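The values are calculated or read from the model by the stated rules, or taken from the named source; none is laboratory data. None of the values given here were measured: they were computed from a predicted structure. Cβ: placed from backbone, ideal geometry, glycine included. Neighbour counts: every protein chain shown.
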Amino acid sequence: MDIGIAARILKHKKLIVFTFVLIAIISAVAQFFVSVNYNMVDYLPDEAQSTQALEVMETEFTASIPNTRVMIHDISVQEALMYKEELASIKGVSDITWLDNVMDLTIPLEMVDQEMIESYYKDGNALFSLSIDQGSEVTATDAIYELIGEDDAVAGEALDTATSQKMAGTESFYAAALLVPIIIFILVISTTSWVEPLFFLTAIGVSVLINMGTNILIGEVSFVTQSVAPILQLAVSLDYAIFLLHSFHEYRKKTNSPNEAMQLAMKKSFPAITASAATTFFGFTALMLMNFEIGSDLGLNLVKGILLSFVSVMVFLPALTLVFYKWMDKTTHKNFVPSFKGFGNHVIKLRIPSLIIVFAILIPTFLAQSNTTFTYGLGDQPETTRAGSDFLIIEEAFGELTPIVILVPKGDLAKETELVRDIQELDHVTSVISYVSAVGHVIPPEYLDKSITNEFFSENYSRIIINTNAAKEGDLPFSIVEKVQNIASDYYGDETLSLGESVTLYDIKNTVQRDNTVVNVLTVVTIAIVLFITFKSISIPVVLLLTIQSAVWINLSVPYFTDTSLVFVGYLIISTVQLAATVDYAILFTEAYKEYRKEMTAMQAVKKTLDEKTFSISISAAILSSIGFILWITSSNPIVSSIGLLLGRGALLAFVMVVCFLPALLLIMDKIIGKSTYKANFYKEK
């Protein structure tokens with residue numbers, strides 16, 4: 001940044017402070033009007049089976065897919081029918097299915113297939129399948145709980161969504177309540193003024209508020225973006241503010257004019273802040289290319305956030321600091337940082353073990369992280385919650401139930417009868433609800449009342465509901481989806497459509513697996529280009545990317561070695577975010593090493609860099625790690641929670657790799673770096 005530009009910014013410091021604060025206040029209000037989307041189907045690409053099927057379903061049928069189960073204890077068939085009427089009258093409940101939908105209740109139950117009956121009515125307990133409209137999850141499930149009381153149970157996708165919506169605001173508050181004091185504590189340790197941390201947080205906080213408020217221009221954001229983006233933006237861009245104010249303090253020792261010191265600080269810190277922002281910016285840009293649009297939604301938000309943080313630090317923070325710098329002078333405290341002199345001597349003794357350990361585990365961790373067991377949905381609610389305990393009660397009484405809906409061309413009842421018979425013979429299919437199974441293929445639909453036929457037929461399609469006793473995701477549920485789709489295709493070719501929670505998760509799996517390679521390769525390539533331009537070197541980008549990518553692989557391999565499943569969306573996002581957010585540590589270390597290397601030997605340069613930069617890197621890592629672990633602790637949403645855990649662990653691993661592995665790598669690559677870096681001018685011993 002040119003001194004002239006810095007001077008013009010600082011000339012209008014009060015106007016800049018006022019403008020940014022005003023925009024932040026407006027944005028803080030505007031963000032309450034940004035709607036949050038909890039429906040993962042909406043983020044599938046248009047060509048996905050679920051997306052196409054849902055559009056047809058919504059256009060042609062009034063009834064929708066069952067997404068909630070309600071179990072009532074100890075009731076007769078007649079009482080169950082009365083409950084069914086009451087449940088159907090609840091606002092937001094668009095459809096309800098029970099035993100009377102699959103059989104004629106005038107026939108004694110003893111004369112009908114018992115396995116089919118026990119899917120709906122067992123040991124005096126009735127299990128209803130409901131369809132709750134999108135957007136009505138909270139009000140509808142609250143009304144259901146009010147109707148059934150404490151003793152009966154509710155479970156399903158709609159309840160999970162309602163629970164997530166209710167918890168989102170509370171959990172964000174808890175996360176902020178834990179996070180802000182921790183960040184202030186870390187920043188107080190790293191500075192010599194009691195109020196300086198407030199300057200950091202104000203500069204980034206203003207950009208976070210503006211980012212959240214400007215989402216009103218987009219219309220809506222995903223629940224992942226709402227929960228993760230503000231905290232991630234704070235975590236990855238706080239460094240920019242630290243770079244600027246540390247530089248400002250250095251120049252205040254050299255000049256009596258705060259204005260001149262800030263101008264020089266803006267000029268000096270501009271390249272480092274730009275390089276740091278650029279690596280993060282391009283890393284997050286890669287997320288925007290995901291076909292599964294939760295990633296692109298988060299990517300767009302983070303890219304916007306990084307740009308706003310950059311502008312805030314380079315324009316708002318200098319102005320704010322000069323308006324209130326006297327407060328910093330009045331609230332100085334002694335330096336709490338212990339001396340790191342001699343730290344490099346101790347670390348460098350571990351250089352050979354560090355290299356051996358990392359290179360020994362590199363291939364196993366790479367293979368392990370690509371063979372982890374993944375989940376693709378929101379997962380089950382914790383057993384300690386009402387939703388979690390209700391799920392277990394229903395599962396114990398009736399087993400698991402996951403409906404699949406298929407839509408086939410209407411008209412050929414004989415062909416539909418054969419299709420239904422083939423599907424009924426599949427393992428784990430408990431019942432099939434269709435016109436031919438409920439009414440029969442002998443009676444033409446036109447002879448019956450519309451209220452009956454509309455449940456099964458639209459203008460162009462016949463709707464068939466298949467109830468399975470499998471879970472909603474995993475190898476078995478996905479194999480059932482494939483078998484149902486293949487059987488339907490044998491009869492109707494490409495004209496058949498399928499939908500349901502397990503179908504959606506099957507589509508998500510196929511979509512995000514394709515995204516994985518594209519996003520990861522693009523992240524590495526774009527960051528490599530930024531590093532190449534920053535360092536004017538061919539070898540330095542390889543060294544830095546190997547260091548941080550190794551930390552990413554180690555982090556993502558932990559679930560494999562601990563035999564735990566990992567939410568795939570969290571895995572995909574963190575493989576990009578960790579690389580983009582923590583490569584700054586390696587940049588800061590290598591920039592210092594490169595400068596010292598012009599004046600001393602490689603060994604001396606590494607030791608001096610470790611002595612002087614370890615603390616700065618530890619502050620950034622501590623903040624990012626704290627943010628991650630607090631997200632993990634406070635969020636009940638499995639996707640958000642997994643992103644938090646991976647981020648917290650990833651930041652710590654990146655710190656260890658930069659402090660232990662990178663110095664060793666720089667030493668053994670020193671000659672190659674010197675020859676492959678433009679104007680390296682490395683010191684040569686005489």
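Could you look through segment 190-238, keep only residues that are among the aromatic types (Phe, Trp, Tyr) and either part of a helix (DSSP H, G or I) or under 30 Å from Val41 (Cβ atoms) (or both), and pick out the one that is nearest to the chain's Cα centre (by Cα)? Spell out how you get there, then give the answer.
Initially, segment 190-238 is screened for residues among the aromatic types (Phe, Trp, Tyr), giving 194, 199-200, 223.
Imposing the further condition that a residue be either part of a helix (DSSP H, G or I) or under 30 Å from Val41 (Cβ atoms) (or both) reduces the set to 199-200, 223.
On the way: Phe199: 29, Phe200: 26, Phe223: 9 Å.
The residue in question is Phe223.
Which one of Ala319, Ala286, Ala278 is over 30 Å from Pro45 (Cβ atoms) and not hydroxyl-bearing (Ser, Thr, Tyr)? Quick ask: steps written out before the conclusion?
Working: Ala286 fails: over 30 Å from Pro45 (Cβ atoms); Ala278 fails: over 30 Å from Pro45 (Cβ atoms).
On inspection, the qualifying residue turns out to be Ala319.
Quick one: in segment 293-341, of everything that is basic (Lys, Arg) and in a helix (DSSP H, G or I), which residue is farthest from Val519 (Cα to Cα)? Outline the logic, then answer.
Of all residues in segment 293-341, those basic (Lys, Arg) come to 304, 326, 330, 334, 341.
Now narrow it down to the ones that are in a helix (DSSP H, G or I): 304, 326, 330.
Details: Lys304: 18, Lys326: 47, Lys330: 49 Å.
Filtering first and then ranking leaves Lys330.
Before we move on, is Ile554 at pLDDT 90 or above, in a helix (DSSP H, G or I) and of a type in the set (Val, Ile, Thr)? Give the steps one after another, and end with the answer.
Working: at pLDDT 90 or above: yes; in a helix (DSSP H, G or I): yes; of a type in the set (Val, Ile, Thr): yes.
Yes.
Only one of these conditions is not met by Val542: (1) in the same structural domain as Cys660 (by TED's automatic domain parsing); (2) aliphatic (A, V, I, L, M); (3) crowded, with 19+ Cβ neighbours inside 10 Å. Which number is it?
Of the numbered conditions (1) in the same structural domain as Cys660 (by TED's automatic domain parsing); (2) aliphatic (A, V, I, L, M); (3) crowded, with 19+ Cβ neighbours inside 10 Å, the odd one out for Val542 is (3).
Quick one: which residue in Ile394, Ile361 is buried (at least 21 other Cβ atoms within 10 Å of the Cβ) and not assigned by TED's automatic domain parsing to the domain that holds Met288? First the steps, then the outcome.
On the way: Ile361 fails: buried (at least 21 other Cβ atoms within 10 Å of the Cβ).
Of the residues listed, the single one that is buried (at least 21 other Cβ atoms within 10 Å of the Cβ) and not assigned by TED's automatic domain parsing to the domain that holds Met288 is Ile394.
Considering only helices (runs of 4 or more DSSP H) fully contained in segment 1-98, which possess at least 2 residues that are among the basic types (Lys, Arg)?
Working: elements: 3-11, 13-30, 49-60, 77-88.
Hits in segment 1-98: 3-11, 13-30.
How many residues are in contact (Cβ under 8 Å) with a residue 40 or more places away in the chain and part of a helix (DSSP H, G or I) when one looks only at segment 396-427?
9
Considering each residue of segment 110-149, count those that are aliphatic (A, V, I, L, M) and without any contact (Cβ under 8 Å) to a residue 40 or more places away in the chain, and give that number. Working first, answer last.
The first filter runs over segment 110-149 and keeps only residues aliphatic (A, V, I, L, M), leaving 111-112, 116-117, 126-127, 130, 132, 138, 140, 143-144, 147-148.
Now narrow it down to the ones that are without any contact (Cβ under 8 Å) to a residue 40 or more places away in the chain: 111-112, 117, 138.
Residues meeting the conditions: 4.
Looking for something on the phi > 0 side of the Ramachandran plot and among the small types (Gly, Ala, Ser) - is there at least one such residue anywhere in segment 27-43? Walk me through it before giving the result.
We begin by selecting, within segment 27-43, every residue on the phi > 0 side of the Ramachandran plot; these are none.
Looking through segment 27-43, none of the residues is on the phi > 0 side of the Ramachandran plot and among the small types (Gly, Ala, Ser).
Filter segment 432-473 for residues that are hydrophobic (A, V, I, L, M, F, W, C), at pLDDT below 80 and closer than 24 Å to Glu495 by Cβ and give the result.
First pass over segment 432-473, keeping only residues hydrophobic (A, V, I, L, M, F, W, C): 432-433, 436, 438-439, 442-443, 448, 452, 456-457, 464-466, 470-471.
Filter once more, so that each one left must be at pLDDT below 80: 438-439, 442-443, 448, 452.
Scanning segment 432-473 gives Ala438, Val439.
Quick one: Met669 ticks every box in (1) surrounded by 20 or more Cβ atoms within 10 Å (Cβ to Cβ); (2) at pLDDT 90 or above; (3) of a type outside the set (Ser, Thr, Tyr) except a single one, so which number is it?
The number of the failed condition is (1).
Please specify each residue of segment 585-601 satisfying the condition of being crowded, with 21+ Cβ neighbours inside 10 Å and not in a helix (DSSP H, G or I).
Arg597
Assess whether Val569 counts as being in a helix (DSSP H, G or I) and in contact with a helix residue (DSSP H, G or I) (Cβ under 6 Å, 6 or more places away or on another chain). Please lay out each step first, then the result.
On the way: in a helix (DSSP H, G or I): yes; in contact with a helix residue (DSSP H, G or I) (Cβ under 6 Å, 6 or more places away or on another chain): yes.
Answer is yes for this residue.
Among Ser50, Ser35, which is loosely packed, with under 14 Cβ neighbours inside 10 Å and either at pLDDT below 90 or within 21 Å of the chain's Cα centre (by Cα) (or both)?
Details: Ser50 fails: loosely packed, with under 14 Cβ neighbours inside 10 Å.
Only one candidate passes the filter, namely Ser35.
Could you go through segment 260-267 and let me know if any residue there is in contact with a strand residue (DSSP E or B) (Cβ under 9 Å, 6 or more places away or on another chain) and either surrounded by fewer than 23 Cβ atoms within 10 Å (Cβ to Cβ) or modelled with pLDDT of 85 or more (or both).
The first filter runs over segment 260-267 and keeps only residues in contact with a strand residue (DSSP E or B) (Cβ under 9 Å, 6 or more places away or on another chain), leaving none.
No: zero hits.
Name the pairs whose Cβ atoms lie under 6 Å apart, with the first residue in segment 533-550 and under 17 Å from Thr523 (Cα atoms) and free of Cβ contacts under 8 Å to residues at least 24 places away in the same chain, the second assigned to a helix (DSSP H, G or I) and small (Gly, Ala, Ser), and 6 or more positions between them or separate chains?
Partner pairs satisfying both residue conditions: Pro541/Ala528.
Quick check on Ile639: is it surrounded by 24 or more Cβ atoms within 10 Å (Cβ to Cβ) and farther than 24 Å from Ile242 by Cβ? Before you say what the answer is, go through the steps one by one.
Working: surrounded by 24 or more Cβ atoms within 10 Å (Cβ to Cβ): yes; farther than 24 Å from Ile242 by Cβ: yes.
For Ile639, the condition - surrounded by 24 or more Cβ atoms within 10 Å (Cβ to Cβ) and farther than 24 Å from Ile242 by Cβ - is met.
Mind checking which residues of segment 99-114 are in a loop (DSSP other than H, G, I, E, B) and under 18 Å from Gly156 (Cβ atoms)? Don't jump to the end; show me each part of the working.
Just the residues of segment 99-114 that are in a loop (DSSP other than H, G, I, E, B), to begin with: 102-108, 112-113.
Listed by number, the list is empty, since nothing qualifies.
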